[in-house]
Amino acid sequence: MGMILISELARELEVNYSVVIEYLISLGVMERMSPSFVLTNGLANQVRKHFRVEEQGEGGGASSKAGAK
């Protein structure tokens, strides 16, 4: 089973590591963490999914409307 540091995962997702830590705490993973805390692939994938969905929600509303007449 693979592992990844919180700091590496945050870099991959282009977010601050503290945001990742806040999300993990909200999941009830642990009360205290640091950027050097190691996550399993399963938990890392859950974090990836959360932040990618959030990212799509922010940028997804700008669709161009072509007025065909």
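State all residues of region 13-35 that are open to solvent by less than 80 Å² (accessible area, probe 1.4 Å), out of contact with any helix residue (DSSP H, G or I) (no Cβ under 7 Å at 6 or more places or on another chain) and not hydrophobic (A, V, I, L, M, F, W, C); if no residue qualifies, say none.
Across region 13-35, the qualifying residues are S18, G28, S34.
Considering each residue of region 1-12, count those that are open to solvent by less than 60 Å² (accessible area, probe 1.4 Å) and either within 10 Å of F37 (Cα to Cα) or free of Cβ contacts under 8 Å to residues at least 12 places away in the same chain (or both), and give that number.
Residues flagged as open to solvent by less than 60 Å² (accessible area, probe 1.4 Å) and either within 10 Å of F37 (Cα to Cα) or free of Cβ contacts under 8 Å to residues at least 12 places away in the same chain (or both) within region 1-12 amount to 4.
Please count how many residues of region 43-69 are modelled with pLDDT under 75 and among the polar types (S, T, N, Q).
Going through region 43-69, the residues modelled with pLDDT under 75 turn out to be 58-69.
Subsequent filtering for residues that are among the polar types (S, T, N, Q) retains 63-64.
Residues flagged as modelled with pLDDT under 75 and among the polar types (S, T, N, Q) within region 43-69 amount to 2.
Could you tell me how many of the residues in region 6-30 are of a type in the set (D, E) and over 16 Å from T40 (Cα atoms)? Reasoning before the result, please.
Here is the first cut: in region 6-30, the residues of a type in the set (D, E) are 8, 12, 14, 22.
Those still in the list that are over 16 Å from T40 (Cα atoms) too: 14, 22.
Residues that pass the stated criteria total 2.
The values are calculated or read from the model by the stated rules, or taken from the named source; none is laboratory data. Since the model is a prediction, treat every value here as computed from it, not as a measurement. Heads up, the Cβs are rebuilt from the backbone with ideal geometry, glycines too, and the neighbour counts pull from every protein chain shown. Accessible surface areas use protein heavy atoms only, side chains included; no ligands, DNA or RNA. Shrake-Rupley method; radii C 1.70, N 1.55, O 1.52, S 1.80 Å.
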